[in-house]
Amino acid sequence: MWTIQCARCQRVATYNPAQWRCACGGPWELPRPLPFHHQAIRPHRPGIWRYEELWPFQRDPITLGEGWTPLIPLSSFDPRLWVKLDYIMPTGSYKDRGTATGLSALHEMGAHHVMDDSSGNAGASLAAYAARAGLQATLFVPAHASPNKKAQMRGMGAHLVEVPGSRAQATATLWQALETEGIYASHVYNPFVLLGLAAAAWEIWEQLGRAPDAVITPLGHGMLFLGLFLGFEALQAAGYIDQPPRLYGVQAAACAPLAQAFATGLEAPAPVEEEETIAEGVRIVAPPRGREILQAARATGGAILAVQESEIRMAQDRLARQGLFVEPTGALAMTIWPQILRETDRIIVLMLTGSGLKSLG
């Protein structure tokens, strides 16, 4: 029995996979702050599972060795810039962190057929981990999604339902299908996904020997952003850091509901028009955890910003010139660092989230 609470109305409940969100419409989250103690770390365990004793799992997890990705200096720009290479994962994106913990929880609860909506990376990740666990996976994908990502999903045995129209239409079609079959293995609504994502903060803290001054991440649904916030919050609550780093999220201007809400002082984002962007992974018009993301950005003294397509292309090229081949979405973190540098900053970490191999062809 795993206790959860609603991020909106604070209702406390026991997690039931069939009730994937609260009756008020809010997303579930785990009790905060997350537990953390350095004595619980098991360095011999692979990847994120070095933190397994902090988590509620009772059986062996579903894992492909995800996590503990390199953290290296981005040497030819500013000496304060470091990059976390989360695109070096089993399926080529940071999503594997959350899929491992989220699907392990559902598997432990008896799920056999899992479903999700995705523009690519989350679906590819779920396909891989479902295959590893011997589970059936059905993925609702926008027809315009990357052919490489769709091929990756099919290659690992997932059933794809390609939905014409917007990313939001793929979600709506999935919700309708859930009325008759399957368990929603949502990378957005499943609260146990946040455990694997919080581990990114703990890895950074261990690898640096301190918390960075700021972290920049691409921002669509914002799950990595929230995971980092929860991870650093746990470190602060346990007395390992004095304050969390400033968290910055970057959106494509073509679809930037969170950046618009942050700039205008709104508590929650309003839906926006879904326009074309090369950063397809952040093409989200109404992020379900938008209220919580805005709160986290403001609480840490960070910000949420939007950038143009030309800036994304330039950042992708600059990273490639450093030997870091990321997809356009992954390059978003590289676009804003000159704007956020402060004289007192010693270390700024850029989260590089998806492999450039996914955007070829």
**Request:** Scan around Leu160 for amide H atoms under 5 Å from its own, H built in the peptide plane at 1.01 Å from N, and keep only partners 5 or more places away or cross-chain.
**Result:** Leu139
**Item:** Label-to-label distance, nm, for residues given as Gln260 and Ile278 (7 Å Cα→Cβ offset)
**Value:** 2.4 nm
**Prompt:** If you take the square roots of the eigenvalues of the alpha-carbon gyration tensor of the chain and sort them as a ≥ b ≥ c, do you get rounded (a/c under 1.5), prolate (a/b over b/c) or oblate?
**Reply:** rounded
**Item:** the chain: most fluctuating residue of Thr173, Thr69, Thr217 per GNM, C-alpha cutoff 10 Å
**Value:** Thr173
**Request:** Quick one: order His221, His144 by neighbouring beta-carbon count within 10 Å, fewest to most.
**Result:** His144, His221
**Request:** Determine the shape class of the stretch 96-184: with a ≥ b ≥ c the square roots of the Cα gyration tensor eigenvalues, call it rounded for a/c under 1.5, and otherwise prolate if a/b is greater than b/c, oblate otherwise.
**Result:** oblate
**Message:** I'd like the antiparallel share, as a percent to the nearest 5, of DSSP beta bridges with both residues in the chain.
**Reply:** 25 percent
**Item:** Stretch gain in nm, segment Gln236-His38, where the contour uses 0.36 nm per residue and the Cα spacing is subtracted
**Value:** 70.0 nm
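Once R0 is set to 35 Å, what does the formula 1/(1 + (r/R0)^6) return for the Cβ-Cβ distance between Gln243 and His112, expressed as a FRET efficiency to the nearest 0.05?
0.20
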**Request:** Report the one residue of Tyr184, Gln58, Ala261 whose Cα lies farthest in the direction of the positive end of the charge dipole of the chain (charges on C-beta: Lys and Arg +1, Asp and Glu -1; origin at the Cα centre).
**Result:** Gln58
**Message:** Taking the Cα centre as origin and putting +1 on Lys and Arg beta-carbons and -1 on Asp and Glu beta-carbons, what dipole magnitude results for the stretch 96-184, to the nearest 20 debye?
**Reply:** 320 debye
**Fill in**
Magnitude of the Cβ-charge dipole (Lys and Arg +1, Asp and Glu -1) of the chain about the Cα centre, nearest 20 debye, reported as 400 debye
**Which of Cys9, Cys22 has the fewest Cβ neighbours within 10 Å, and the rest in rising order** = Cys9, Cys22
**Message:** Compute a Gaussian network model of the chain, connecting alpha carbons closer than 10 Å, and tell me which residue from Gln152, Gln19, Gln251 fluctuates the most.
**Reply:** Gln19
**Request:** Give me Tyr248, Tyr240 ranked fewest to most by other Cβ atoms within 10 Å of their Cβ, as a rough exposure proxy.
**Result:** Tyr240, Tyr248
**Prompt:** From the backbone phi of the stretch 76-85, what are the Karplus-calculated ³J(HN,Hα) couplings (6.51 cos²θ - 1.76 cosθ + 1.60, θ = phi - 60°) in whole Hz, Gly and Pro given as x?
**Reply:** 8, 9, 10, x, 7, 8, 10, 10, 9, 8
**Prompt:** By its C-alpha gyration tensor, with a ≥ b ≥ c as the square roots of the eigenvalues, how is the stretch 176-280 shaped: rounded for a/c under 1.5, else prolate for a/b larger than b/c, else oblate?
**Reply:** oblate
**Request:** Return the single residue from Arg283, Arg97, Arg313 with maximal mean-square fluctuation; model: Gaussian network over the chain, springs between Cα atoms under 10 Å.
**Result:** Arg313
**Message:** On a full-extension model of 0.36 nm per residue, what is the gain between Glu309 and Ala143, subtracting their alpha-carbon distance, rounded to one decimal in nm?
**Reply:** 57.6 nm
**Prompt:** Between Ala18 and Ser166, how many nm apart are label points set 7 Å from Cα along the C-beta direction?
**Reply:** 3.2 nm
**Prompt:** Gap in Å between the Cα centre of the stretch 102-125 and the Cα centre of the stretch 131-187?
**Reply:** 10 Å
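Every number in this text was worked out from the coordinates using simple rules, so none of it is lab data. Remember, it's a predicted structure, so these values are computed and weren't measured experimentally. Heads up, the Cβs are rebuilt from the backbone with ideal geometry, glycines too, and the neighbour counts pull from every protein chain shown.
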